[in-house]
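The values are calculated or read from the model by the stated rules, or taken from the named source; none is laboratory data. Nothing here was measured: the structure is a model prediction, and the numbers come from that model. No Cβ is skipped: glycine too gets one built from the backbone with ideal geometry, and neighbour counts run over all protein chains shown. Just so you know, the surface numbers come from the protein's heavy atoms only, side chains and all, with ligands and any DNA or RNA stripped out. Shrake-Rupley method; radii C 1.70, N 1.55, O 1.52, S 1.80 Å.
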Amino acid sequence: MTRVSEDGSIFARSKAAFDLPDGLVYLAGSRFGLMPRSAKERLCRLMMPGGAADLGSERFTADWEDLPGRIGDKIAPLIGVRQGEVTLGETLQLQLFQAISAAVSLYTGPKRTVVLTDTSNSASDLAVMEGIARALGCRLRVIDPTRICYCLCDDVAVLAMSAVNVQTAERRDIATLTRLTHEAGALTVWDLSHAVGALEIDLAGACADFAVGRTEQYLNGGPGAPAFLWASNRFIDRVTPALQGQKADRPSSPDQTAADPHPPRKIDRLRLGTPSLIALTALDAALDLWAGLDLTAISQRAGALGQAFLAEVDAHCPGLTLISPRIAAARGAELIYHHPKAAHLTQSLQAQGVIADCPAPDRLRIGFAPLYNDFSDIDPAVRALEQALATL
């Protein structure tokens, strides 16, 4: 196992890949991760005069069209699946629509008509699920997250959940919930947005079915970066998504495959077009930082940073109420606190050079990105928070 340390560690090298202004403490990686220096450099090369002189060439077009698959191959080991099984699309909501509709398409009878989810989902995800239900003639059932295991009834086709509760940062047990869902005769769609790049994920080991995720958070793809989609090879040949792109039923005979330098992947059945070349280029550069990293060390690092911050807040910042689990293994790479003036606290922190997130007017979210946050961020952040509380 890679040693979680400071000097000379993989984390010191990864932090050096980012341009962090002196005096800035960035703790909003759970919303928007920092883009590494290499992404800026890659984009500059693309946009320089002559840098894309062959934009209209056949080779460039083929390489660009295959880029979502090649970038997907870099994401695959971060979520515990094989290369060739992940593709990129425009937004998380579109990928979620594709995944849920594909899962629902595997049920042909009238019995299973429910998409089950919980109240902790983001408003945008719930809105998409409502749209799916209307478009496919299904019913959306939104319940309290503590009742999931009791609501896997015989009318449920799909359980759609976030791997990390976005309201509390509680970590879900993907393997156990997937097993219970399968025992109930349903399929799972996991949203990995708040988990990938911060926690160990093993979708194949959990026998999961579908997964989606944003890349602008811990994967540092930049605001609006493409989202990814994964589907198990157990049934990828049989799915029929509600929206179909030009590669959905592309023929792939042996002769065609031999002549095609970029033969279709099975996951392309769920792919819709090609995202922005600029967005793909930035994300491609950001994902290069993950090559060879130990995901166990990454997860431990995130947990250790959270525990250190939690202890200091307990000692110096009365008035904040922790919503997240206190045990590192039970939560994602973030801590969520309740305070009636959390929005004011966030603004005060920013004025002192500490960037945090305020997902709701009474919620303060501190996200620890293992690639660039370290223990030197803890003390100045807590001192700034203590000062902000004193001014209320």
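If a/c stays under 1.5 just call it rounded; otherwise compare a/b with b/c (prolate if a/b is bigger, oblate if not). Do that for region 159-231, with a ≥ b ≥ c from the square roots of the Cα gyration tensor eigenvalues. Because a/c hits 1.5 or more and a/b exceeds b/c, region 159-231 counts as prolate.
Here the chain has 54 percent of its accessible surface on carbon and sulfur atoms, given a 1.4 Å probe and all protein chains in place. Projecting the Cα atoms of CYS317, ALA328, LEU305 onto the charge dipole of region 299-373, computed from C-beta unit charges around the Cα centre, puts ALA328 farthest toward the positive end. Count the lysine pairs in the chain whose Cα atoms lie under 29 Å apart, taking only pairs 8 or more positions apart in sequence or on different chains. Pairs that pass both the separation and distance tests number 7.
Taking the DSSP beta bridges with both ends in region 167-242, the antiparallel portion is around 50 percent.
Any idea what % of Cα-Cα pairs in the chain are farther than 30 Å? Tail of P(r) above 30 Å: 42 percent of Cα pairs. Net length available on complete extension from ALA351 to ARG147 is 69.3 nm, with 0.36 nm assigned per residue and the Cα-Cα distance removed. For the chain, adding -39500 (n - 2.57) for each run of n ≥ 4 DSSP H residues and dividing by the number of residues yields -11000 deg cm²/dmol at 222 nm.
Each Lys and Arg Cβ is given +1 and each Asp and Glu Cβ -1; about its Cα centre, the chain then shows a dipole of about 600 debye. Taking Cα centre as origin and charging only the Cβ of basic (Lys, Arg, +1) and acidic (Asp, Glu, -1) residues, the dipole magnitude of region 61-180 rounds to 400 debye.
Farthest toward the positive end of the dipole of the chain, out of SER276, GLY84, SER162, is the Cα of SER162, where the dipole comes from beta carbon charges about the Cα centre. Divide the volume of the convex hull around the Cα atoms of region 69-164 by the residue count and you get 115 Å³ per residue.
For the chain, the solvent-accessible area of protein heavy atoms averages 42 Å² per residue (probe radius 1.4 Å; ligands and nucleic acids excluded).
The distance from the alpha carbon centre of region 168-190 to that of region 276-339 is 22 Å, rounded to a whole number. Compared with the alpha-carbon gap, the fully stretched path from ASP202 to ARG139 is longer by 19.7 nm at 0.36 nm per residue.
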